[in-house]
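Notes to accompany the following structure.
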Amino acid sequence: MLSYIVRRVTYALPIAIGVTILCFLLIHLAPGDPLSAVLPDNASPEMRRQLAALYAFDQPLPVQYFIWLKRILVGDFGISIQSRRPVIGEILPAIQNTFILATAAVAIGFPIGILLGAIAGFVNGTALDRVVTSIAVTGVSVPHYWLGMVLVVVFAVNLNMLPAMGMSPSGSGNYALNWEHLQHIILPAITLAVIPAAIIARSVRGTVADIRQREFVGTLYSKGLRPSRILLHVAKNAGPTVLAVAGLQLAQLLGGSILVETVFSWPGSGFLLNSAIFTRDLPILQGTILILALLFVMINLLVDVMQTMLDPRIKRS
């Protein structure tokens, strides 16, 4: 098992290095001179030369990359153009807020998706299966931002039941487990949970239906095992596939919530990215994308290891 983990970590390292290279090139691939986003309009040539030396823009590109990577490894992501604060101080609270929202979406979407998929898989080909499949297809097809706006109109504007913006009565700040804070997360969490729930439901439905057609399930039925015991055997065999899909959806929730957070003004990484795009705050863009991409790599690595723990056959493949 340890050798498998070491091998998977070895495979993940080149991906992580590739992510850092792409994030480094982001500032150079953006239109215009990178220094123009930092310097004022009336900057003198001397000020431009000093800033170029500070950011190593006067060095060859490979040298710039290794200097930038060295700073990143010690937590120096640069200074935000808009707030003039360290980038890491802007990103970490936003990542934390996104994690809170993603956790709520997981708590809502994953159990519903697994339950609906398991039911549809066990009654494969029936009217109930077709209903669940139709719900899943609809859930995958509904755009996040459209559903969020509909929920805001219905529950925040028309019914005046739930707040439409922010993550607390003050709009931001530390999150607490009380109703004043929890009511702010309900609408964005439901909006964010719909697509993962639908994707997981479809995956679980297909996996369970396929496993039920295998010979060992027929043997279990012929031996007279109770349906609950057979369900446990089916769930054990479906576990690795379901875990892989759930892990990808968790990573997607962390990195793909920009539209939902913008609709609900949730101060997470997606909202921060959206603001940085409009203000051309390249250091914020670069740092946020790098951290989210590395989180995606780490989650996939963790899912690989957990899959092997559930199904030891994977490490032999």
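The values are calculated or read from the model by the stated rules, or taken from the named source; none is laboratory data. Because the structure is predicted, anything quoted here is derived from the model rather than measured. Backbone-built Cβ (ideal geometry, glycine too); neighbour counts: all protein chains shown.
Picking from S168, S134, which residue would you name as being hydroxyl-bearing (S, T, Y), under 22 Å from E261 (Cα atoms) and assigned by TED's automatic domain parsing to the domain that holds W266? It would help to see each step written out before you state the result.
On the way: S134 fails: under 22 Å from E261 (Cα atoms).
Testing whether each residue is hydroxyl-bearing (S, T, Y), under 22 Å from E261 (Cα atoms) and assigned by TED's automatic domain parsing to the domain that holds W266 leaves just S168.
For region 136-188: of the residues being hydroxyl-bearing (S, T, Y) and at pLDDT below 85, which is farthest from G121 (Cα to Cα)? By that ranking, first place goes to S170. Going through region 53-68 one residue at a time, which ones are in contact with a helix residue (DSSP H, G or I) (Cβ under 6 Å, 6 or more places away or on another chain) and surrounded by 14 or more Cβ atoms within 10 Å (Cβ to Cβ)? Scanning region 53-68 gives A56, Y65, W68.
Every residue in region 128-156 that is crowded, with 17+ Cβ neighbours inside 10 Å, farther than 22 Å from R205 by Cα and either more than 22 Å from the chain's Cα centre (by Cα) or free of Cβ contacts under 8 Å to residues at least 40 places away in the same chain (or both), please. Hits for region 128-156 are V152, F155.
Pairs meeting the criteria (first residue in region 98-111 and farther than 16 Å from Q183 by Cβ, second residue among the aromatic types (F, W, Y) and modelled with pLDDT under 90, beta carbons under 9 Å, at least 6 apart or on different chains) are T98/W266; T98/F271. Look through region 264-276, keep the residues that are touching a Leu at 6+ places or on another chain (Cβ under 9 Å) and of a type in the set (G, A, S), and return whichever of them is surrounded by the most Cβ atoms within 10 Å (Cβ to Cβ). Among those residues, the one meeting the criterion is S269.
For region 277-296, taking the residues that are buried (at least 21 other Cβ atoms within 10 Å of the Cβ) and of a type outside the set (A, V, I, L, M), the one that is farthest from R71 (Cα to Cα) is identified as D281.
Here's the yes/no breakdown for (1) over 24 Å from the mean Cα position of the chain (by Cα); (2) farther than 30 Å from A52 by Cα:
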residue: R71; (1), (2): yes, no
residue: G75; (1), (2): no, no
residue: S83; (1), (2): yes, no
residue: I88; (1), (2): no, no
residue: N97; (1), (2): no, yes
residue: A107; (1), (2): no, yes
residue: I112; (1), (2): no, yes
residue: L116; (1), (2): no, yes
residue: I119; (1), (2): yes, yes
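Condition check for A53 on (1) part of a helix (DSSP H, G or I); (2) more than 32 Å from the chain's Cα centre (by Cα); (3) touching a residue at least 12 places away in the same chain (Cβ under 8 Å): one failure, at (3).
You will find that of L232, L220, L253, L225, the residue that is part of a loop (DSSP other than H, G, I, E, B) and either aliphatic (A, V, I, L, M) or within 30 Å of V142 (Cα to Cα) (or both) is L225 and no other. Scanning region 113-127 for residues that are surrounded by 14 or more Cβ atoms within 10 Å (Cβ to Cβ) and part of a helix (DSSP H, G or I) yields G113, I114, L115, L116, G117, A118, I119, A120, G121, F122.
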